[in-house]
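Here is the structure we will look at.
We did not get these values from a lab; they are worked out from the coordinates using the rules stated. Quantities reported herein were computed from a predicted structural model and do not represent experimental measurements. Cβ atoms come from the backbone with ideal geometry, glycine included; neighbour counts cover every protein chain shown.
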Amino acid sequence: MNRRDRSGCSPGGAISPPRGPFVRHDPRMLETQGPGTSTSSRSSVHTLDGLAARSLAELDALYRAAVVPAAMHAVEGPLIGRMLAVRGLPKTIAEPVRKLAASPSFVWEGKTFTADSDTRGSGHNRVNVPGVFGRQNLFPFETSFGESAIDGQPALILDYDLDVNPGYIRRIRDELREVAPGLFLGPALWKARAGARSLVLWFALDARRS
């Protein structure tokens, strides 16, 4: 396999943090802080629907406060996925896309992981196009732990730079951190030829529903 850029983020390539109202009290659970915030509203973030209701800045803050899984086995098996928010979309388009991503007809169903050890593994994306291709396992990736391109801190890295993938897929890099037990949040990043990375979208994976 042709392997490239296994070190994590490029020098100076980390994405600057927005300001947000999130802090971490417990290393396994995150809460939204603010006057009048109820317990039910704080706990609602710990679902796919709760994450989908967050803004790009809020998802960024949640990710920065989240924890890296203790071992690759934390994401073993098929996880239910949700595309949360796409960067750069106007609100008139973003809202319909958000609703489509939550519907059973959305083509991306999630990712399936296999842990080869505590620190490395592999996986693929599950895609379903009824009446055309049906369910397919596409775009494999390798998993490892490395530096996040968002903040330079540890993250679970999904590397698509494999010979079997098309060229445009090989330039994608995903990351994951755990925002609640069994619930993972991450950015999908585009790798430019010069090595810089830019945020494309945020997604989540739920091991509790698989």
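For Ala85, the amide hydrogen comes within under 5 Å of the amide hydrogens of Trp202, counting only partners 5 or more places away or on other chains and with H modelled in the peptide plane. Here the 3J(HN,Hα) profile of segment 51-65, calculated from phi with Karplus coefficients 6.51, -1.76 and 1.60 at θ = phi - 60°, is 5, 5, 7, 8, 7, 4, 5, 5, 5, 4, 5, 4, 5, 5, 8 Hz, Gly and Pro shown as x.
Loop-located trypsin sites (Lys or Arg not before Pro) in segment 143-205 (DSSP state not H, G, I, E or B) with no more than 12 neighbouring Cβ atoms inside 10 Å: Arg193.
What the Cβ-Cβ distance of Lys99 and Gln153 gives, at R0 = 41 Å and to the nearest 0.05, is a FRET efficiency of 0.80. Between Arg120 and Val107, residue separation times 0.36 nm minus the direct Cα-Cα distance comes to 1.9 nm.
Enumerate by residue number the trypsin sites (Lys or Arg not before Pro) in segment 72-153 meeting two conditions: DSSP loop (anything except H, G, I, E, B), and at most 15 other Cβ atoms within 10 Å of the site's Cβ. Don't skip to the end; give the middle numbers.
Details: sites: Arg82, Arg87, Lys91, Arg98, Lys99, Lys111, Arg120, Arg126, Arg135; in loops: Arg87, Arg120.
Answer in residue order: Arg87, Arg120.
Checking every one of the chymotrypsin sites (Phe, Trp or Tyr not before Pro) in segment 101-161 against DSSP loop status and a limit of 12 other Cβ atoms within 10 Å picks out Phe133. What share of Cα pairs, in percent, lie more than 20 angstrom apart in segment 23-206? Counting every Cα pair in segment 23-206, those more than 20 Å apart make up 54 percent.
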